[in-house]
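The values are calculated or read from the model by the stated rules, or taken from the named source; none is laboratory data. Predicted model, so just to flag it, every value in this text is computed and none were measured. Every residue, glycine among them, receives a Cβ derived from its backbone with ideal geometry; neighbour counts consider all protein chains shown.
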Amino acid sequence: METTTEKQKEESSAPQKFEVKIDHSLSMLDLLKLSFRVFRTKPTRTILTVLGMSVGIGTVVFLVSLGYGLQYILIGSLLTGEDSLMTLEASYPTESGKAINSAKMTEIRLNEGVDKISPVAEFSGEMSIEGGAPGIVPITRVVKSSYFKLAGVSPDLGEVFSEDTPGVVLSTQALKLLGLKPDQSIIGKEVTGKVSYPKPDETSEEVLVSKLQIRGIISDETEPPLAYIPYSSVSKEPTAFKSMLIKAKNVDAVLPLRDKLEKEGFLISAKVDLVNQAKKITNAITTVLLVFGTAALIVSAIGMFNTMIVGFLERIYEVGVMKSLGATDGDVQNLFLMESFMIGFLGGVMGIGIGMGGGALINFIMSTLSTNLGSKALTLFITPAWFAITTLILSSCIGLISGYWPSRNASKLSPREAFVRK
């Protein structure tokens, strides 16, 4: 027992072996700190390189945002709700001499895929506002309140009329014909007038319109002079209709219903077709803009690649010193890659800021001008969040690609070769 105890004491008093760790690899934090050193040693060149990348990235963001803005404006003007997407507008060709009547609408309503029908009668009308001088409104549409939702028509000022609150909705051009300025003060004023129903003998019958309040104003300058009035406002309901809006029960029923109505001789206009065509056009425009932006980005990437090569040639002696102090090939390569990554990343951040900032400035100017002219605010540039994130990832990848060749060459240098080449 005593012998064993003495041995344990001798072992505990013996000097411990000194373990030397041979892992000299730099941590991510060390690489990050060292990569920012280039901003101190070569500030002008580095800042100009970042600026060059940001200009390329900013051009891409700016042009693609314009493409998405145009798509939003075009498709947004066509589609204002799910109901309008599932609605077909049916009318007979003018040369056919046919007119849509109540019996025909009842027949179509019995189709399995039809949800509801809203007839549209269109005549010439004469209106006056609160006893003022009467004026001719070339297009006066007698519609049901469901028309607005199915057609996707929404006033820019005020609201649409309903069965409980009848009224009239006028376009800007119609108000100008009546000698009035389209603004909020017009809402609520009373309108009286009459519409002319055509007869088979090519004469017309004048039908009075009861007093109505102006409920809404459509400020789109491209709309013709027109007025929307409800069925309840005319002393005699129309028996012939120019067209009808047919809402399908679901999106899948739209195309079969359209094919069936076309076989019956109707001309069909479907917003789903217009939306699909608009998407094709705007996608083509966005692609063209993206090509121009990519060309600017490639030029910036070439400039960054050149900067990284020059930086490598100037730092050959530094690479030799690092390796003499124990830096591994991986340390040297990772350091160069981290520097190029940071330049690409910062260029992406600045570029996205430049592109989105330029778009926001133009949006502000355009919205201010359109609002002062009595129209609604205009958003011409839209940058989706996913596109901004993708662009930032792309710019970082460009940085890594630009720094790969210089970093690979630097990692292969031996200390002796580095000092000799210096």
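Restricting attention to segment 355-394, the residues that are part of a loop (DSSP other than H, G, I, E, B) and under 15 Å from the mean Cα position of the chain (by Cα) total 7. Within segment 388-422, the set of residues being modelled with pLDDT under 90, within 14 Å of residue 340 (Cα to Cα) and of a type in the set (Val, Ile, Thr) comprises 398, 401. Residues of segment 217-242 that are surrounded by fewer than 22 Cβ atoms within 10 Å (Cβ to Cβ), closer than 25 Å to residue 165 by Cβ, of a type outside the set (A, V, I, L, M, F, W, C) and under 36 Å from the mean Cα position of the chain (by Cα): 219, 220, 223, 225. Taken over segment 145-179, the criterion of being surrounded by 19 or more Cβ atoms within 10 Å (Cβ to Cβ) and among the basic types (Lys, Arg) is satisfied by 149 alone. Regarding residue 108, is this residue touching a residue at least 60 places away in the same chain (Cβ under 8 Å), among the β-branched types (Val, Ile, Thr), closer than 24 Å to residue 260 by Cβ and in contact with a helix residue (DSSP H, G or I) (Cβ under 9 Å, 6 or more places away or on another chain)? So residue 108 passes the test. Restricting attention to segment 243-268 and to residues that are small (Gly, Ala, Ser) and surrounded by 15 or more Cβ atoms within 10 Å (Cβ to Cβ), the residue that is nearest to residue 209 (Cα to Cα) turns out to be 243.
Would you kindly identify the strands (runs of 3 or more DSSP E) lying entirely within segment 126-244 that contain at least 1 residues that are more than 30 Å from residue 104 (Cα to Cα) and of a type in the set (A, V, I, L, M, F, W, C)? Of the strands (runs of 3 or more DSSP E) lying wholly inside segment 126-244, those with at least 1 residues that are more than 30 Å from residue 104 (Cα to Cα) and of a type in the set (A, V, I, L, M, F, W, C) span 135-143, 190-198, 204-218.
Among the residues making up segment 111-125, a single one is within 16 Å of residue 260 (Cβ to Cβ), of a type in the set (Asp, Glu) and part of a strand (DSSP E or B): 115.
Residues checked against (1) closer than 15 Å to residue 244 by Cβ; (2) modelled with pLDDT under 85; (3) in the same structural domain as residue 218 (by TED's automatic domain parsing); (4) within 32 Å of the chain's Cα centre (by Cα):
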position: 109; (1), (2), (3), (4): yes, no, yes, no
position: 121; (1), (2), (3), (4): yes, no, yes, no
position: 132; (1), (2), (3), (4): no, yes, yes, no
position: 143; (1), (2), (3), (4): yes, no, yes, no
position: 147; (1), (2), (3), (4): yes, no, yes, yes
position: 154; (1), (2), (3), (4): no, yes, yes, yes
position: 159; (1), (2), (3), (4): no, no, yes, yes
position: 162; (1), (2), (3), (4): no, no, yes, no
position: 169; (1), (2), (3), (4): no, no, yes, yes
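Residue count for segment 254-294, restricted to those that are under 30 Å from residue 92 (Cα atoms), out of contact with any strand residue (DSSP E or B) (no Cβ under 8 Å at 6 or more places or on another chain) and modelled with pLDDT of 80 or more: 7. Can you find a residue that is modelled with pLDDT under 85, over 38 Å from the mean Cα position of the chain (by Cα) and surrounded by fewer than 15 Cβ atoms within 10 Å (Cβ to Cβ) anywhere in segment 330-348? Yes, some residue in segment 330-348 is modelled with pLDDT under 85, over 38 Å from the mean Cα position of the chain (by Cα) and surrounded by fewer than 15 Cβ atoms within 10 Å (Cβ to Cβ). Residues that are touching an Asp or Glu at 6+ places or on another chain (Cβ under 6 Å) and either among the basic types (Lys, Arg) or assigned by TED's automatic domain parsing to the domain that holds residue 217 (or both) within segment 364-414 comprise just one, 376.
Checking every residue in segment 321-328 against the condition of being surrounded by 18 or more Cβ atoms within 10 Å (Cβ to Cβ), at pLDDT below 80, touching a helix residue (DSSP H, G or I) at 6+ places or on another chain (Cβ under 7 Å) and of a type in the set (Lys, Arg) gives at least one match.
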